[in-house]
Amino acid sequence: MKTNYDIVVVGAGPAGSMAARFAAEQGVSVLMLEKDRDVGYPVRCGEAISKAGVEEFIPSDDKWIAAKISKFSFNAPDGSEAIIDFGDAGYVLERRSFDYELARTAAEAGAEILTRAYVNGLLFDDGKVSGVKYEINGEQKEVKAKIVIAADGVESRVGRWAGLETHVDFRDMESAVQITAANIPVDQSTLYFYFGQDVAPNGYFWVFPKGHNKANIGLGVSGLIGKKKSAQSYLDDFMNKHYPNAPVLTKIAGGVPCSITLDKISGPGIMLVGDAARQVNPLSGGGIASGMIGGKIAGTIAGEAIKQNKLDHILTYDKAWNDRLGKRHETFNRIKEGIYNFSDDKFNSIAHSILKIPIEKRTLGKVFTTALINNPSLLVDIAKVFVV
Amino acid sequence: MNYRQAKNGKLMIEILPDKCDFCGCCVGVCPEDAIELKEAEIFIIDERCTNCAKCVWSCPIEVIHFNKEGVLAK
Ligand code: SF4
Ligand code: SF4
């Protein structure tokens, strides 16, 4: 292994892998460091993703598809369930294999990957980030880089060390817990969402099929809620009520920074991508698709900067991200704040009005219109999302 | 609530490392960069911690506790 690279990427999740790949594709030297033993392990979130979101990056493959999704089920606090069919549009991922496959595409593009490398500091040269310090097998090492791309997730510290403001306000941190349970008799092509003060006070509770009657079941709560009752207690309550005897196969904790993108995601010698940059879709809490897009933009710009020997070029990344998704996330964030403040009555009445639409006519557009009749102030924001 | 006397003082935050899932929520919200999380290792750097308890509220699985009596820093 060399001790000097054009680009070092910290973290080998979806965002890091895409940054490494799109940089390496331009023929520059890239090293990606991952603190865990294997890429894709431990799994942090059993996430659903749209088919289009994946296929921008990798062809669909049954290897990492746990379930194919074509319906949403919206469950109101009073127990009414409205099912919305949206066609053949999404997957529940087998995250471990998925992350692994993404990292493989980075390696194929020419990036080197080093696992069990725990990054614990940065190198600076004249105020500019010029590499990272890391620990591997108990030994402290250093590697120089012209550009460091931080893809170190929700617990990101690399950005902080570089002087960017990355700290997550505890109110914006959605701390999530999810179990994978067996014997859950749900439809294998439906994503189930539960709303209401008692189940998920500032978000939604999810039950996502994982094939063979297994399901991922979980929720996230913000620090404000967690102060009073933890995500774990909400999950226990839900399981006792709905599936008291289901065997639990695994349990994972995870955090989603549900806010708008950080003010600054690049600086001299440093770029942030994925959860580390808060590139999460604040409405759904989904970070894979948007993290991959952030990674692609950052990797592409970083590669160009090296090739043109114009390191300042990386500062154009903020604008490129905002134009592609950042601005849209601001709108999503406002919609989220609207929806998460809905009362139980409002959720109930939305479900009842959806149920009045015949199932074959329940398109997402119709459902949104129905939801909006209950909350017209959201109309302007939603119109912006769908019109532009 | 004001627990801000503990930089260099008594650490009142306790992590149960056996139960931790190393998800990183606490690290992300810690304003003092006082939590170190490696592959399967987590600890609080007591010289930095201010006992603000934000990590306690953000832990989804109740692995961090607040102990008014203080705990011994390991
Ligand atoms: S109590 Fe506050 S300062 Fe101490 S580790 Fe937790 S979040 Fe950090
Ligand atoms: S939030 Fe809880 S489970 Fe997650 S790393 Fe911190 S102590 Fe461990």
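The values are calculated or read from the model by the stated rules, or taken from the named source; none is laboratory data. Values in this document were obtained by computation on a predicted structure and should not be read as measured data. FYI the Cβ positions are ideal-geometry reconstructions off the backbone, even for glycines, and counts take in every protein chain you see. These accessible areas exclude ligands, DNA and RNA; they are computed on the full protein's heavy atoms, side chains included. Shrake-Rupley method; radii C 1.70, N 1.55, O 1.52, S 1.80 Å.
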Along its principal axes, what span do the Cα atoms of the range B:5-66 show, with the longest given first and each in whole Å? 29, 20, 19
If I take every Cα pair under 8 Å that is 6 or more residues apart in the range A:241-367, average their sequence separation and divide by the length, what percent do I get for the relative contact order? 21
Once you've got the GNM for chain A with C-alpha springs shorter than 10 Å, pick whichever of A:228, A:264, A:144 has the biggest mean-square fluctuation. A:228
The range A:139-270 - percent of accessible surface contributed by carbon and sulfur, probe 1.4 Å: 50
The percentage of the accessible area of the range B:5-66 (probe 1.4 Å, all protein chains present) made up of carbon and sulfur atoms, to the nearest whole number, is 48
Please give the solvent-accessible surface of residue B:38 in Å², to the nearest 10, using a probe radius of 1.4 Å with every protein chain present. 40
Can you give the relative contact order of the range A:91-167 as a percent, counting alpha carbon pairs under 8 Å and 6+ residues apart? 18
Answer in debye to the nearest 20: the dipole magnitude of the range A:215-293 about its Cα centre, from +1 Lys/Arg and -1 Asp/Glu charges placed on Cβ, is 180
Note on the range B:12-43: residues buried by at least 30 Å² of accessible area once partner chains are added (vs chain on its own, 1.4 Å probe) come out as B:21, B:23, B:25, B:27, B:28, B:29, B:33, B:36, B:37, B:38, B:39
Residues of the range B:5-66: accessible area per residue with a 1.4 Å probe, Å²: 40
Count, for each residue of A:220-232, the Cβ atoms from other chains sitting within 10 Å of its Cβ, then give me the mean as a whole number. 4
Tell me the accessible surface of residue B:26 in square angstrom (1.4 angstrom probe, heavy atoms of protein chains only), to the nearest ten. 10
Note on the range A:239-253: residues buried by at least 50 Å² of accessible area once partner chains are added (vs chain on its own, 1.4 Å probe) come out as A:253
Relative contact order, percent, of the range B:5-66 when contacts are C-alpha pairs under 8 Å separated by at least 6 residues? 45
Whole-number accessible area per residue in Å² for the range A:139-213, which is evaluated in the context of all protein chains at 1.4 Å: 36
Could you report the range A:1-122's accessible area per residue, 1.4 Å probe, as an integer in Å²? 38
Buried accessible area for the A:B pair, summed, 1.4 Å probe, in Å² rounded to 100? 2400
Need the per-residue list for the range A:158-206: every residue with at least 40 Å² less accessible surface in the complex of protein chains than in the chain by itself, probe 1.4 Å, sorted by number. A:160, A:167, A:170, A:173, A:175
Return the percentage of antiparallel bridges among DSSP beta bridges fully within chain A, rounded to the nearest 5 %. 70
Other chains' Cβ within 10 Å of A:142-155 residues: what's the mean? 2
